[in-house]
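Asker: Here it is, the structure in full.
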Amino acid sequence: MVKTPDELALMRISGRLLASVFEMLDGEDLVGRSTMAVNDMVERFIVDDLAARPASKGQYGFAYVLNCSINEVVCHGVPDADRIIADGDIINLDITLEKNGFIADSSKTYLVGTVSPAVRRLVRVAQQAMWQGIRQVRPGARLGDIGFAIERHAKKHGYSVVRDYCGHGIGRKMHEEPQVMNFGRPGTGLTLREGMVFTIEPMVNQGTRGVMTKGDGWTVVTKDRKLSAQFEHTVAVTATGVEVLTLRRDEQPLAA
């Protein structure tokens, strides 16, 4: 679970490249595009512009570069040429990238066009919940501290946190130990050590936390069909705290 300084240096490269994918997407108008068109655009950018590998493609039999989860889709949404992104949607784009043998993983929920204040609030709270979790990361902290901070923030605003999916260690493989739950008790769980690298990725639901998987075997939706929002960063435990490896150039930690 602990990366050497040389390994961490390579992970910084992967993280910076993945951040640039989201910086590219930030400048795009998604209204009227199919989710498959977004998938193909991201693949071209990763392969042609960044000379990197889209790490999700082919993993576990998944055929695409990204997950695109719209509205009530919690995670693992599958790109589809017939699924058109509409004004008022929210869409989480979950993207992975491998360079020099190391993988970075990040996601962002985009507000598409004109979005209602209630939906905007959900997305903001989900992003804040991620940062609440990231702020707990430092040597000597416990994994339970992260999950507790995430769920406490979501509940304070009237939302629920999905418990069926979680963050994970990452490095040469996409999914390594430890599992990083989005709920927990402070002072419990694995003790964090300098050099650990993992993702923090809360999924925050407008309604209950219950989810179900659709017939395609991939797409996870809320049971009550209310909206869900997610944010994710790959982070490293440093000697003094935390480094966000996938931080975008213009991104600031979102205050609660």
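Asker: What are the residue pairs meeting all of these: first residue in the stretch 58-71, first residue of a type in the set (G, A, S), second residue open to solvent by less than 10 Å² (accessible area, probe 1.4 Å), Cβ atoms under 6 Å, and 6 or more apart or on different chains?
Answerer: S69/C75; S69/G77; S69/N92
Asker: With the requirement that a residue be among the β-branched types (V, I, T), over 18 Å from G171 (Cβ atoms) and either part of a helix (DSSP H, G or I) or within 19 Å of the chain's Cα centre (by Cα) (or both), what does the stretch 1-37 give you?
Answerer: Residues of the stretch 1-37 that are among the β-branched types (V, I, T), as a first pass: 2, 4, 13, 21, 31, 35.
From what's left, over 18 Å from G171 (Cβ atoms): 21, 31, 35.
Across the stretch 1-37, the qualifying residues are V21, T35.
Asker: Of everything in the stretch 120-143, what is in contact with an Asp or Glu (Cβ under 9 Å, 6 or more places away or on another chain) and either open to solvent by less than 10 Å² (accessible area, probe 1.4 Å) or hydrophobic (A, V, I, L, M, F, W, C) (or both)? Give them in sequence order.
Answerer: A129, M130, G133, V137
Asker: Right, another one. Can you name every residue in the stretch 107-138 that is out of contact with any Lys or Arg (no Cβ under 9 Å at 6 or more places or on another chain), within 25 Å of I150 (Cα to Cα), touching a residue at least 40 places away in the same chain (Cβ under 8 Å) and not hydrophobic (A, V, I, L, M, F, W, C)?
Answerer: Residues satisfying the conditions are S107, T109, Y110, R124, Q128, G133, R135, R138.
Asker: Same structure, new question: Output the strands (runs of 3 or more DSSP E) that fall wholly within the stretch 144-214 and possess 3 or more residues being buried (at least 22 other Cβ atoms within 10 Å of the Cβ) and within 16 Å of the chain's Cα centre (by Cα), or say none.
Answerer: Numbers: elements: 167-169, 176-180, 197-200, 203-205, 211-213.
Answer list for the stretch 144-214: 197-200, 203-205.
Asker: Same structure, new question: Scan Y60, Y64 and give me the residue that is out of contact with any Cys (no Cβ under 7 Å at 6 or more places or on another chain) and either small (G, A, S) or surrounded by 16 or more Cβ atoms within 10 Å (Cβ to Cβ) (or both).
Answerer: Answer to the check: Y64.
Asker: Next up: Of M203, M212, which residue is under 29 Å from G88 (Cβ atoms), touching a strand residue (DSSP E or B) at 6+ places or on another chain (Cβ under 9 Å) and without any contact (Cβ under 8 Å) to a residue 24 or more places away in the chain?
Answerer: M212
The values are calculated or read from the model by the stated rules, or taken from the named source; none is laboratory data. Here the structure is a predicted model, which is why all the values come from computation and not from measurement. Here the Cβ is made from the backbone with ideal geometry for all residues, glycine too, and neighbour counts use every protein chain on show. All accessible areas refer to the heavy atoms of the entire protein, side chains included, with ligands and DNA or RNA removed. Shrake-Rupley method; radii C 1.70, N 1.55, O 1.52, S 1.80 Å.
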